[in-house]
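See below for the structure under consideration.
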Amino acid sequence: VPLTNVHRFFSIDEADGDPDDRRKSVELESCLACHSTLSFHSGNRNDDIDDCVTCHNPRYYSTRNNKSVDFKVLIHTLHGDEEQVDYPGNLGNCTACHTDDGYTLPLASTVLGTTVNPGNDLQDPRDDTVTTPTTAVCSSCHDDAVATAHMTSNGGSFNTTQAAIDSGQVVEECSVCHGTGRSADVTEVHDIP
């Protein structure tokens, strides 16, 4: 019998118990415009972005293939890899998939770094090695030595912890140049209509 997942948000740290809404950077309709259904992956239970991010989140790391399956890395990597996927549109047009404010910088302060090494305790994310959030997104396409050096010289890290990010020991400065209205605004450098 075909079933679709049902989900509900809940709070683990809000005094009133009310959950914060998940940050919406993409809408399902954008995915379906090209794919028509997402049930080709994980059966018919996942035609809902909120269900997708249950697994495809910054903390989930596949020990099977030693890679992050975080959406902000995975989706950009898959669609940008011409050997695996023949993306039918302009890869630089963020609005083909993203909401109007779902690709601009700075990212929300609640966006987590992407786990790239789960550490010794797979149940405890505190010992995870992470890539800083903006660097994780951008390096999924911009991955050559020059781009990597640019990111790291501006506060991005491929080898830090979430605690270092949260405490301000590691601070990405990407939005100084790539933020909305700045000299190299993502919208401008990606030539988004």
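Just so you know, all these numbers are worked out from the coordinates, no wet-lab data involved. Just so we're clear, the structure is a prediction, and the values are computed from it rather than from any experiment. Note that each Cβ is placed from the backbone with ideal geometry, even for glycine, and that neighbours are counted across all protein chains shown.
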### Task
Could you pull out the longest piece of the chain with no exposed loop chymotrypsin sites (Phe, Trp or Tyr not before Pro) in it, calling a site exposed if DSSP puts it outside H, G, I, E, B and it has at most 11 other Cβ atoms within 10 Å?
41-193
### Query
Comparing 125, 19, 58, which has the greatest mean-square fluctuation in the GNM of the chain with Cα pairs linked when under 10 Å apart?
19
### Task
Please name whichever of 74, 90, 58 sits farthest to the positive end of the charge dipole of the range 46-94, dipole taken about the Cα centre and charges placed at Cβ: Lys and Arg +1, Asp and Glu -1.
58
### Summary
Most exposed to least, judged by fewest other Cβ atoms within 10 Å, 74, 28 sort to 28, 74
#### Entry: Cα gyration tensor, the range 60-184 - rounded (a/c under 1.5), prolate or oblate
oblate
### Message
Let's test the formula: R0 of 22 Å, r as the Cβ-Cβ distance of residue 32 and residue 84. What FRET efficiency results, to the nearest 0.05?
### Response
0.60
### Qualifying GluC sites (Glu not before Pro) for the range 15-110 [loop in DSSP, other Cβ within 10 Å: at most 10]
82, 83
### Summary
Around residue 19 (Cβ within 11 Å, Cβ-to-Cβ, excluding residue 19; K/R +1, D/E -1) the net charge comes to -4
### Query
Between residue 26 and residues 5 or more places away or on another chain, which pairs have amide H atoms under 5 Å apart, with H built 1.01 Å from N, and which residues are they?
99
### Task
For the range 125-193, run through the GluC sites (Glu not before Pro) and keep only the ones in DSSP coil with at most 15 other Cβ atoms within 10 Å of their Cβ.
173
### Task
For every other residue with a beta carbon closer than 14 angstrom to the beta carbon of residue 152, add +1 if it is Lys or Arg and -1 if Asp or Glu, then tell me the sum.
-4
### Query
With a 10 Å Cβ neighbour count serving as the proxy for reagent exposure, in which order, fewest first, do 161, 37, 95, 115 appear?
37, 95, 161, 115
### Task
Could you check the simple spin-label distance between residue 7 and residue 110, using points 7 Å along Cα→Cβ, in nm with one decimal?
1.4 nm
#### Entry: Furthest towards positive pole of dipole, 147, 171, 135, structure part the range 83-192, Cβ charges
171
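How much net charge surrounds residue 32 when only the other residues with a Cβ under 12 Å from the Cβ of residue 32 are counted, with Lys and Arg +1 and Asp and Glu -1?
-4
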